[in-house]
Amino acid sequence: MDDILLAVPNNQINEILDNFNSYHDRLRFTVEHVDDDSVNFLDVKVILNDGRIKFDMYKKPMNSGRYLNYMSNHPIQHKRGVIIGQLDRIFFLSHPEFHKKNIESMINILLMNGYPLDTIFSTINNRITKLSSRKNVYENIDNNNESIDPNRRKYFTIPFMNTVSDKFNTTRVV
């Protein structure tokens with residue numbers, strides 16, 4: 001076990017801590033109290049605001065800000081994947097109140113890792129478009145309330161080979 005987040009009444013903290021620490025001699029739990037109505041947990045800041053919980057992104061002070069460098073010998077899909085992964089973290093792990101600040105931070109870090117601004121913006125725009133038209137997997141309908149075609153194209157993954165893999169982008173396999 002590494003990190004556990006619990007919300008308990010103040011008068012029960014020591015009792016719960018003692019209970020956890022009694023399970024095994026080699027397990028030692030500690031308590032980090034909430035400061036200024038927020039606590040950092042993994043890569044998220046949990047904020048208590050007027051009885052409601054909001055989430056924001058959190059980076060440890062040791063975070064280097066290094067992503068896959070744009071000049072590295074990796075397929076462009078991997079480089080776009082870095083942008084999409086970071087953008088998804090922002091959208092899915094932080095409150096909309098913090099999206100602008102977090103996206104600006106992400107763009108600055110991507111620029112420091114050699115990503116061209118037009119690639120950053122086009123990937124962000126494509127991802128936002130895709131997320132806004134995403135199908136509802138629970139009801140098998142898309143966001144426009146239209147049924148999903150069960151015969152739609154399926155995809156498979158191949159390993160990246162510098163001079164070969166790009167040819168598959170234009171080849172249709174049926």
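For the condition in contact with a strand residue (DSSP E or B) (Cβ under 6 Å, 6 or more places away or on another chain) and on the phi < 0 side of the Ramachandran plot, what is the one hit in D25, D18, D56?
Values: D25 fails: in contact with a strand residue (DSSP E or B) (Cβ under 6 Å, 6 or more places away or on another chain); D18 fails: in contact with a strand residue (DSSP E or B) (Cβ under 6 Å, 6 or more places away or on another chain).
After applying the criteria, what remains is D56.
(1) in contact with a Phe, Trp or Tyr (Cβ under 8 Å, 6 or more places away or on another chain); (2) aliphatic (A, V, I, L, M); (3) at pLDDT 90 or above: which one isn't true of I158, the others all being true?
Among (1) in contact with a Phe, Trp or Tyr (Cβ under 8 Å, 6 or more places away or on another chain); (2) aliphatic (A, V, I, L, M); (3) at pLDDT 90 or above, I158 violates only (3).
Mind checking which residues of the range 81-106 are touching a helix residue (DSSP H, G or I) at 6+ places or on another chain (Cβ under 8 Å), surrounded by fewer than 18 Cβ atoms within 10 Å (Cβ to Cβ) and farther than 19 Å from V46 by Cα?
Once the filter is applied, which keeps residues that are touching a helix residue (DSSP H, G or I) at 6+ places or on another chain (Cβ under 8 Å), surrounded by fewer than 18 Cβ atoms within 10 Å (Cβ to Cβ) and farther than 19 Å from V46 by Cα, the range 81-106 yields only I84.
Quick one: count up the residues across the range 61-80 that are within 15 Å of the chain's Cα centre (by Cα) and either closer than 20 Å to F41 by Cβ or not small (G, A, S) (or both).
Going through the range 61-80 one residue at a time, the tally reaches 2.
Condition first: surrounded by 10 or more Cβ atoms within 10 Å (Cβ to Cβ), touching a residue at least 12 places away in the same chain (Cβ under 8 Å) and under 19 Å from S38 (Cα atoms). Now tell me which residues in the range 1-27 satisfy that.
Answer for the range 1-27, where residues must be surrounded by 10 or more Cβ atoms within 10 Å (Cβ to Cβ), touching a residue at least 12 places away in the same chain (Cβ under 8 Å) and under 19 Å from S38 (Cα atoms): L5, I13.
So, in the range 107-125, of the ones that are free of Cβ contacts under 8 Å to residues at least 40 places away in the same chain and either out of contact with any helix residue (DSSP H, G or I) (no Cβ under 8 Å at 6 or more places or on another chain) or charged (D, E, K, R) (or both), which residue ends up surrounded by the fewest Cβ atoms within 10 Å (Cβ to Cβ)?
D118
Can you tell me which condition R52 does not meet? The list is (1) basic (K, R); (2) exposed (fewer than 15 other Cβ atoms within 10 Å of the Cβ); (3) closer than 27 Å to T119 by Cβ, and all the others hold.
(3)
For every residue, the table says whether it meets (1) closer than 15 Å to L5 by Cα; (2) aliphatic (A, V, I, L, M).
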position: Y23; (1), (2): no, no
position: L27; (1), (2): no, yes
position: V34; (1), (2): yes, yes
position: D43; (1), (2): yes, no
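Need at least 3 residues that are at pLDDT 90 or above per element, so show me which strands (runs of 3 or more DSSP E) inside the range 31-145 make the cut, counting only ones lying wholly within it.
In the range 31-145, 44-49, 52-57 are the strands (runs of 3 or more DSSP E) which contain 3 or more residues that are at pLDDT 90 or above.
The values are calculated or read from the model by the stated rules, or taken from the named source; none is laboratory data. Quick caveat, the model's predicted, so the values are computed rather than measured. Because the Cβ atoms are built from the backbone with ideal geometry, glycine has one as well, and the counts that use them run over all protein chains shown.
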